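Peer 1: The structure is given below, and queries will be raised subsequently.
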Amino acid sequence: LNKLLNKSRQPTSEIALELLDKLKKIARKGWHKTVTPGPTGVGMTGEHLLGLRPNSKKNPDYKGVIECKFSRNNFGRPPSRTTLFGQVPNWELSSLKSSRQILATYGYMRGGIKLLRCTVQADIPNPQGLLFKVIDSTDELHECALLDNELINVAVWEFNSLRQALLDKHMETFFIAAKSKTVNGVEHFQYFKVKHGSSPF
């Protein structure tokens, strides 16, 4: 962490400098045992070390000013996706009027439970036939279903609301990477790198 931000603009706010100092101290302490098993361990452990409570709200994590996004270092493998924020569709503009309706229409059965866990892209439909389409004329993002070579509207997001959600959550962000190892069946993290971003627009 001694070389943090040496190739980019240094954080200027006192809060950013304070957070950077805390991350340096965490890094110097070496490996940290995960506070919870599974994919969320790297973030939950990092937040715990910073004294933060898990935050699914629209406000940033650190003092309501800086969002902290934690990830495992992939050591040459393709980078994993990072969830920046969540935003429900505009149900009034959507053909289906709730997440429950989307699940009922496009979900699949597994272990006796109906699920819909999938990635939706803009170029090709996923196994459920869902894909994204940008509608420039109305400045909207549509989730569509491909059925018999015809696109059917499923859900709609207005880009203005997506832009605002990004600004609310990520006006200033620290993207923090950790090395990972398993000791006696328990994952441990060493936080060693951060990227600082601000003003997404």
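Peer 1: I'm checking my understanding of the structure. Among residues of the stretch 122-141 that are farther than 20 Å from Ala165 by Cβ and in contact with a strand residue (DSSP E or B) (Cβ under 9 Å, 6 or more places away or on another chain), which one is surrounded by the most Cβ atoms within 10 Å (Cβ to Cβ)?
Peer 2: Filtering first and then ranking leaves Leu130.
Peer 1: Go through the stretch 17-32 and count every residue that is surrounded by fewer than 18 Cβ atoms within 10 Å (Cβ to Cβ) and out of contact with any helix residue (DSSP H, G or I) (no Cβ under 8 Å at 6 or more places or on another chain).
Peer 2: Qualifying residue count, the stretch 17-32: 9.
Peer 1: Among the residues of the stretch 142-164, write down those that are open to solvent by 50 Å² or more (accessible area, probe 1.4 Å) and either within 16 Å of Ser94 (Cα to Cα) or free of Cβ contacts under 8 Å to residues at least 24 places away in the same chain (or both). Explain how you work it out, then say what you get.
Peer 2: Taking the stretch 142-164 first, the residues open to solvent by 50 Å² or more (accessible area, probe 1.4 Å) are 146-152, 158, 160, 163-164.
Leu146, Leu147, Asp148, Asn149, Glu150, Leu151, Ile152, Glu158, Asn160, Gln164 - these are the residues of the stretch 142-164 that are open to solvent by 50 Å² or more (accessible area, probe 1.4 Å) and either within 16 Å of Ser94 (Cα to Cα) or free of Cβ contacts under 8 Å to residues at least 24 places away in the same chain (or both).
Peer 1: To continue, here is another question. Go through the residues of the stretch 184-201 one by one and say whether even a single one is among the hydrophobic types (A, V, I, L, M, F, W, C), in a loop (DSSP other than H, G, I, E, B), within 21 Å of Ile66 (Cβ to Cβ) and open to solvent by 60 Å² or more (accessible area, probe 1.4 Å). Spell out how you get there, then give the answer.
Peer 2: Kept after step one, since they are among the hydrophobic types (A, V, I, L, M, F, W, C), are these residues of the stretch 184-201: 186, 189, 192, 194, 201.
After this cut, where a residue has to be in a loop (DSSP other than H, G, I, E, B) as well, the list is 201.
Going one step further and asking which of them are within 21 Å of Ile66 (Cβ to Cβ), we end up with 201.
Imposing the further condition that a residue be open to solvent by 60 Å² or more (accessible area, probe 1.4 Å) reduces the set to 201.
Yes, the conditions are met somewhere in the stretch 184-201.
The values are calculated or read from the model by the stated rules, or taken from the named source; none is laboratory data. If you're wondering where the values come from, they're calculated on a predicted model, not measured in any experiment. Heads up, the Cβs are rebuilt from the backbone with ideal geometry, glycines too, and the neighbour counts pull from every protein chain shown. Each accessible area value is taken on the protein alone, full model and side chains, heavy atoms only, with ligands, DNA and RNA left out. Shrake-Rupley method; radii C 1.70, N 1.55, O 1.52, S 1.80 Å.
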